[in-house]
Amino acid sequence: MKRLLTVFLFLMLLTGLALADDGYVVTNYDFVGTLRVNNVMEVTETITANFRERSHGIIRSLPEMMTVNVTAMGGEGENQYHLSIEDIDVDAPYSVSHSDNYTDIRIGDENVLVTGEKTYRISYRVVIPDDRLKDVDFIFYSVLGAEMTTNVEHLSFRVDFEKPLPPEAVENFRIYSGRYGSIQNSKDVQFTVDEQHVEGTGDGFRSREAVTLFAIIPGTYFEGAKKANSIPAYIAWIATLLIGIKGLLMASKTHREKLIETVEFYPPDDITSAEAGKILNGSVNDRIMLSMIPYWAGKGYLTIEERREMDERHKNRDIISMILHKEKDLDWSANEYEKILFSGLFGKEDEVYSNRDLGGEFVQSIDNAKRSLNSLFNGDRALTIGVGQAMQLLLITLLGFGLLITLSSAVTLFHNGIFALYACFFLLIIGGLSIYRGVHGLSTGIFAVVTAILLVLAFGIMLACVGEDCAMPAFLMWAAFFLASCVCILCGRMIQPTEYKKSIYGRVAGFRNFIETAERDRIDMMVSENPEYYYDILPYAMAFGLSTIWAHHFAHLRMEPPYWYSGYYGTWDYRFLDMMFDQSIVRTVSRARASRASSSSSSSGGGGGFSGGGAGGGGTSRW
């Protein structure tokens, strides 16, 4: 039994070794470097690999990015640095590619497979950019990277300093070794350091273990380190400036005309309740579309019956349902959106129960009818002009501003690209509200409050961008932010009413104002002239969201039910009609829309001083 257990453990050990060395092992890794005064590391690596499996060679992957926690060095947070790998040379066939912020050196012949021990000599330069710290420099370099896919049996390294290190740097020089992020010399790497060089050795490194050199150098040590290229940022700034100035000139030259309301007691001729809602609000919602049901009833296309039914969920009580009866088809001259909605309401049936038949298919018909209604107001019936121009100006401005933020980084495009997305998102909302305000109207107070909040958020993003990592003066960045913000706030001024809207909007708005503020004497006079006046105007009151107010105006009158409504119980109350419509139809559609949306969504589907950080490092793998 013990013999079997011993064999089993031996096999497990062999399996573990096979997994650990990935088909090969590095028997010796020798690193020789010279750190130049301009913060360029000139490297020669000699890597001896023992291939247990047939392979073409190795892939040496060198990082093109490093992240350093500069808090302890007088900076704030983390800085990122883009590294350049240059002057690559290998004593064997090789090719170079770039992906995911790595330079990959593929060494070996694709037509030749090797086994056993093979030695490769690789040389290259790592260009480390200016650290952008005022009173301190630092050395942060991995002579063995944390991305090795196999074990390294022996490591030796030596780095010569072109410029002697000051005594303070020699005193605080550190070696970190072990797993990525280690803040100790966990692998007990032996080293010596003086003003001229650092050298050391270590043994028994497993895959993903690293060795990193780290030292803080007081004062200015590096001279002539590579600076970030700020030319693209200045080009983006000039573009943002020109776009912003042009946008402000375009917005300032446009003066919105104030539409004059007229006194109206009836809607304009041939304007349905849904069209009136669209003209007034600029957009349509479900309630506006559903106002067409009492509108059609008043035109004789359908009748409504009130019926008590047993509540399926609560058997001990009844519910009141509305039953819609189709009396005739719409006239051929009806608008397309009316035909879509009417067909979706009845389909092939002549009778519809509001509590059970107005489901997902009817919701889809409402959405189709909305699109058709919106398309009705195009061409000669367009309500506004300049929307496309305003949106184009907004997007171009934000594109230029976003590129400016991204390219202004002295470090990396990625992080500033994220900042750009956030800042432009907040400004895009401001611009969208400005355009919405130009099309639909929006309270100045609401617009001002929301804009102020979003500008504060965008300002916070800008503070993160305008700092030591910025490749251009801060005042230029703030000027661009000011211009972009002004364009976003004012772009809605470019949207103007068309001649058609000038001719119709004042009448619809005046009619809505009458529904909201009608005086008792005027109501009495209108009812005396037309006993059906309340019911004729009700669809429009529903479309304007004023049906309750409209009913309140008639509280002193006793009215008979409309000819198209039947089945009521007890004394007729005209206010009950609006309540029934809301509970039986509007809420049913709302529940169906929520259920449809729910079913649709458910079906869709290192810092400075840590081992493995810094420049250099990377790893090897076989191929």
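The values are calculated or read from the model by the stated rules, or taken from the named source; none is laboratory data. Values in this document were obtained by computation on a predicted structure and should not be read as measured data. Cβ sites come from the backbone with ideal geometry, for glycine too, and all protein chains shown count toward neighbours. Areas reflect the complete protein model, heavy atoms only, side chains present, ligands, DNA and RNA absent. Shrake-Rupley method; radii C 1.70, N 1.55, O 1.52, S 1.80 Å.
Starting from the stretch 153-167, take each residue that is of a type outside the set (A, V, I, L, M, F, W, C) and list its partners that are assigned to a strand (DSSP E or B) and surrounded by 15 or more Cβ atoms within 10 Å (Cβ to Cβ), counting only C-beta distances under 6 angstrom and pairs at least six apart or across chains.
Listed by first residue and then by second, the contacts come to E153/T27; H154/N28; S156/D30; R158/V32; R158/E199; D160/T34; D160/H197.
Where residues in the stretch 500-528 are among the small types (G, A, S) and surrounded by 15 or more Cβ atoms within 10 Å (Cβ to Cβ), which of them is farthest from the chain's Cα centre (by Cα)? Before you say what the answer is, go through the steps one by one.
First pass over the stretch 500-528, keeping only residues among the small types (G, A, S): 503, 506, 509-510, 518, 528.
Okay, now just the ones that are also surrounded by 15 or more Cβ atoms within 10 Å (Cβ to Cβ), so 506, 509-510, 518.
Values: G506: 39, A509: 38, G510: 41, A518: 47 Å.
Selected residue: A518.
Inside the stretch 324-351, can you point out the residues that are in contact with a helix residue (DSSP H, G or I) (Cβ under 6 Å, 6 or more places away or on another chain), within 25 Å of R307 (Cβ to Cβ) and either acidic (D, E) or in a strand (DSSP E or B) (or both)?
K326
Look at the stretch 37-69 and say how many of its residues are buried (at least 20 other Cβ atoms within 10 Å of the Cβ) and basic (K, R).
Here the count works out to 1.
Might you let me know whether the stretch 374-382 holds any residue that is touching a Leu at 6+ places or on another chain (Cβ under 9 Å), part of a helix (DSSP H, G or I), open to solvent by 20 Å² or more (accessible area, probe 1.4 Å) and modelled with pLDDT of 85 or more?
Our first condition is that a residue be touching a Leu at 6+ places or on another chain (Cβ under 9 Å); within the stretch 374-382, this holds for 377.
Retained after the next criterion (residues that are part of a helix (DSSP H, G or I)): none.
The answer is no; no qualifying residue exists.
Show the residue pairs that are 6+ apart or on different chains and have beta-carbon atoms under 6 Å apart, the first residue being within the stretch 219-242 and closer than 30 Å to R36 by Cα, the second being open to solvent by 30 Å² or more (accessible area, probe 1.4 Å).
Close Cβ pairs (under 6 Å, with a partner that is open to solvent by 30 Å² or more (accessible area, probe 1.4 Å)) amount to E223/V37; G224/N38; A225/N38; A225/D130; K227/D130; P232/L407; A233/L407.
Quick one: count up the residues across the stretch 574-608 that are modelled with pLDDT under 70 and crowded, with 21+ Cβ neighbours inside 10 Å. Reasoning before the result, please.
If we filter the stretch 574-608 for residues that are modelled with pLDDT under 70, which is where we start, we get 574-576, 596-608.
Now narrow it down to the ones that are crowded, with 21+ Cβ neighbours inside 10 Å: 608.
Number of matching residues: 1.
For the stretch 472-497, give me the residue count where each residue is closer than 29 Å to A382 by Cβ and open to solvent by 20 Å² or more (accessible area, probe 1.4 Å).
5
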